[in-house]
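Notes follow once the structure below has been shown.
Just so you know, all these numbers are worked out from the coordinates, no wet-lab data involved. Just so you know, these numbers come straight off a predicted model, no measurement behind them. Counting neighbours? That spans all protein chains shown, and the Cβs are built from the backbone with ideal geometry, glycine included.
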Amino acid sequence: MTETTLSAKSQIVIPREAREALGLKPGDKVLVVVKSGRLLVLKKPKCYHAAIRGLARGAYPKTYLQRERQSWG
């Protein structure tokens, strides 16, 4: 984990290790998310569809869909 300082102009420098890990280059866009008192900086995906594909995989047990369909009838 690296540390950075907020400047007088409310700017931060993203540490080199983080830029390299995300593959960030000058001009790239990043998303800033505040959640539960924490600040997350994410690389902006070029395609949101591809970025979220499979995100919910494993969220439900394998038998969930079958049990849900059986409850309808």
Report summary line: Taking Cα pairs closer than 8 Å and at least 6 residues apart, the relative contact order of the chain in percent is 15 percent
Query - 222 nm mean residue ellipticity, helices alone, for the chain (DSSP H n ≥ 4; -39,500 (n - 2.57); rounded to 500) - result: -7000 deg cm²/dmol
Report task. Report the extension gain between residue 32 and residue 4 in nm, rounded to one decimal, defined as 0.36 nm multiplied by the number of residues separating them, less their alpha carbon distance. Result -> 8.5 nm
**Report entry** Options [x] 11.8; [y] 16.1; [z] 13.6 - which one matches Kirkwood radius over Cα pairs in Å as calculated here
**Finding:** [y]
Report task. Quick one: which residues, 5 or more positions from residue 30 or on another chain, have an amide H under 5 Å from its amide H? H modelled 1.01 Å from N in the peptide plane, none for Pro or chain starts. Result -> 44
Requested in this report: Mind telling me which of 39, 31, 22 comes out most flexible in a GNM of the chain, alpha-carbon contacts under 10 Å?
Outcome: 39
Report task. Name all residues of the stretch 36-61 having a backbone nitrogen under 19 Å from the label point set 7 Å from the Cα of residue 72 along its Cα→Cβ direction, giving them as ranges. Result -> 60-61
